[in-house]
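A short write-up of the structure that comes next.
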Amino acid sequence: MLFLSTRGKADLCCSAHAITRGMAGDGGLFVPQKFVALSLDEIIALHNLSYQERAVKILSLFLTDYTEDELKDAADKAYAEAKFGKEPAPVHKVNDNTDTLELWHGPTSAFKDMALQILPQLLTKAIAKTGEQHKIVILTATSGDTGKAALEGFADVEGTEIIVFYPESGVSDIQKQQMVTQQGKNVHVFAVEGNFDDAQTGVKRIFADEELKEEMAAQGCVFSSANSINWGRLVPQIVYYFSAYSDAVAAGRINAGEEINFAVPTGNFGDILAGYYAKQMGLPVHKFICASNSNNVLSDFINTGVYDKRREFKKTISPSMDILVSSNLERLLYSITEEDAEKVSEWMQQLNTEGVYNVGEKFHKKITHDFFGAWVDEQETMETIRRVYNDYSYLLDPHTAVAWRACEKYRLVSSDDRYAVVVSTASPYKFSADVYAALKGEEGLKPFDALHKLHELTEVPVPAKMLQIETMPVLHKEVIATEKMAEAVKNSI
Ligand SMILES: *Cc1c(COP(=O)(O)O)cnc(C)c1O
């Protein structure tokens, strides 16, 4: 299968190229030339396979230049029991018509591991295929979870360096502690003054800096991205939507072929887009509920067809969704316009220069056919954590709570009470202080004190890796201005 750019001005390429490059040369994102369908029987039969085998099945449809053995090796290493436990993506029954899809059983306790454990495998295999002689330098801006998951995925991977920029005051204390304690001889971590969008813009600027690229090439290095725009991150996310559906059928939660809803806590639009792609491939889904926190640019877009980033950036207790420019949305635009690269380029240009674009009535209608947007403020998020714990003894992290509440809002306005899967993206312990405050009203606890108290209160097991970082030495202390990011990259190599 070949890949092309959403901006229409890059050459067709194979998946190995799309994965090593991260972003297309014309500034667009790589998309597959076509989507391959799975039959209902094939979907149901996934249940008989291990998660690793399910992944190979889906990946092999898109990554046709990889051999079956290569994909098997990648999936086996990425989703090994030592990293994810027995079930990498279990579906958990919470109430009569709602399950969660727990995507945080990996090494960093957030759903980013689902993609970032396998990306280094796919990337190193791609390098071998494309004859790439350069060392790959992974540049990543993170709102919290990507950074740690990328560090954990790439640490000590031959032929790679990994550089992570996180907003100095935009991540949770535990997320920060996870990153600054990261070990590995090829890892570099910097705090950046500003918010996530500042850090992401800085990284995009580095990618567009031809002079810097030449300088790096002279030193035998080439940039790549582990951000969620990389096709190698998106495709592994398609897997768990199919996986969850097959498990729900097997558990008797739904009948084979029945349409279900997914509620997805959304930031960069990667996770939910993977679900939409699964629907394009034949997964029976009625609606995707796109859940935003107070940075409600996406839910507004879905409700109005106008994307308007000209608004105040808000820091919330669900920091991985604190995003005003959702990179992966470009792929949805490409899809709803039936691959009109010119139109997509125009909108992206407008977003750049004016901070806003309007897709118009016809395309907006297409969006609302598959999506419903809802946003949830801080207080409602806290209330949801407390209420779901009290009612069902199930502990939600703040991101998942946003999705849970968005799902409830959808049910209220639509009267569509069908079975829904709330995609659960982080362990509650990653946000212990806020989750504990939601349950007990006690604010301002130190992160690890809150973690221990939360454990005493709920007896929900704490992920082992999270306990370890409490006492690990801080290795990365630098805080830099956004203008110094390019310099930091040069100094790291
Ligand atoms: C990254 C992240 C999200 C948002 O996912 P996108 O793919 O960026 O939309 C939601 N929750 C958590 C915990 C995350 O780490």
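So what's Rg/Rh here for the stretch 184-304, counting alpha carbon atoms and using the Kirkwood radius for Rh? Intermediate results must be reported in sequence, preceding the final value.
Numbers: Rg = 19.3 Å, Rh = 17.6 Å.
Radius of gyration relative to Kirkwood radius: 1.10.
Subtracting the Cα-Cα distance from 0.36 nm times the residue separation, let me have the gained length for residue 256 to residue 9 in nm, one decimal. Can you show the working numbers first?
Values: separation 247, 0.36 × 247 = 88.92 nm, distance 4.16 nm.
Separation in residues times 0.36 nm, less the Cα-Cα distance, equals 84.8 nm.
Suppose R0 equals 30 Å. What FRET efficiency, 1/(1 + (r/R0)^6) with r the Cβ-Cβ distance, do residue 130 and residue 346 give to the nearest 0.05?
Numbers: r = 32 Å, r/R0 = 1.06.
My answer for the efficiency is 0.40.
Below 10 angstrom from the Cβ of residue 431, what's the summed charge of the other residues (Lys, Arg +1; Asp, Glu -1)? Display every interim value, and only then the final one.
On the way: positive: 430; negative: 173, 397, 434.
Net charge around residue 431: -2.
What's the longest bit of the chain with no exposed trypsin sites (Lys or Arg not before Pro), using DSSP loop states and at most 11 other Cβ atoms within 10 Å as the test?
On the way: sites that count: 34, 86, 185, 310, 477.
Here the longest run is 311-476.
Could you pull the accessible area for residue 225 with a 1.4 Å probe, rounded to 10 Å²?
Only protein atoms counted, so the area is about 10 Å².
Take the alpha-carbon centre of the stretch 94-131, take the same for the stretch 368-397, and report the distance between them in whole Å.
Computed from Cα coordinates, the inter-centre distance equals 23 Å.
Please state the charge dipole magnitude for the chain, taken about the Cα centre, from unit charges on C-beta atoms (+1 on K and R, -1 on D and E), reported in debye and rounded to the nearest 20.
Values: 49 positive and 69 negative charges, 31 e Å.
Dipole of the chain, to the nearest 20 debye: 140 debye.
Taking only protein heavy atoms into account and a 1.4 Å probe, give the accessible area per residue of the stretch 409-493 in Å². Don't skip to the end; give the middle numbers.
Details: 4360 Å² over 85 residues.
On a per-residue basis, the stretch 409-493 sits at 51 Å².
Below 8 Å between Cα atoms, with a sequence gap of 6+, how large is the relative contact order for the stretch 238-327 in percent? Intermediate values should be presented prior to the final figure.
Values: 104 pairs, mean separation 25.7, N = 90.
The normalised contact order for the stretch 238-327 reaches 29 percent.
What does the stretch 251-384 give for Rg and for Dmax, in Å, if only its C-alpha atoms count?
So, for the stretch 251-384, Rg and Dmax equal 15.4, 51 Å respectively.
Go through 40, 157, 425 and say which Cα lies farthest out towards the positive end of the charge dipole of the chain; charges sit on Cβ, +1 for Lys and Arg, -1 for Asp and Glu.
Most positive-ward Cα: 40.
Compute the relative contact order of the chain as a whole-number percentage, counting only Cα pairs closer than 8 Å that sit 6 or more residues apart in sequence.
Relative CO of the chain lands at 19 percent.
Please give the per residue accessible area of the stretch 121-223, computed with a probe of 1.4 Å over protein heavy atoms only, in Å².
Normalised by residue count, the accessible surface of the stretch 121-223 is 36 Å².
What number, rounded to the nearest 500 deg cm²/dmol, is the helix-based mean residue ellipticity at 222 nm of the chain, given -39500 (n - 2.57) per DSSP H run of at least four residues and division by all its residues? The partial results should precede the final answer.
Details: 23 runs with 235 residues, N = 493.
Result for the chain: -14000 deg cm²/dmol, rounded to the nearest 500.
What net charge is computed for the residues neighbouring residue 127, neighbours being all others with C-beta under 10 Å from the C-beta of residue 127, Lys and Arg scored +1, Asp and Glu -1? Intermediate results must be reported in sequence, preceding the final value.
Numbers: positive: 125, 129, 135; negative: 132, 158.
That works out to +1.
Show me the GluC sites (Glu not before Pro) within the stretch 152-252 that DSSP assigns to loop and that have at most 13 other Cβ atoms within 10 Å of their Cβ.
Sites meeting the loop and neighbour criteria: 158.
Carbon-plus-sulfur fraction of the accessible area of the chain, 1.4 Å probe, in percent? Kindly include the intermediate steps, with their values, before the conclusion.
Working: 8710 of 18650 Å².
Carbon and sulfur atoms account for 47 percent of the accessible area of the chain.
Quick one: what does P(r) look like for the chain with 10 Å bins over all Cα pairs, in whole %?
4, 21, 33, 29, 12, 1, 0
Longer than 26 Å from Cα to Cα, which of 125/287; 125/366; 34/148; 112/287; 86/287 are they? Say none if no pair is. Walk me through the numbers before you get to the answer.
On the way: 125/287 36 Å; 125/366 38 Å; 34/148 33 Å; 112/287 23 Å; 86/287 30 Å.
125/287; 125/366; 34/148; 86/287, as the Cα separations exceed 26 Å there.
Just add up the charged neighbours of residue 324: K/R +1, D/E -1, any other residue whose Cβ is under 13 Å from the Cβ of residue 324.
Here the count lands on -1.
The values are calculated or read from the model by the stated rules, or taken from the named source; none is laboratory data. Bear in mind the structure is a predicted one, so any value in this text is a computation, not a measurement. Glycine gets a Cβ as well: all are built from the backbone with ideal geometry, and neighbour counts include every protein chain shown. For the accessible areas, the whole protein counts, side chains as well, though only heavy atoms, and no ligand, DNA or RNA atoms are used. Shrake-Rupley method; radii C 1.70, N 1.55, O 1.52, S 1.80 Å.
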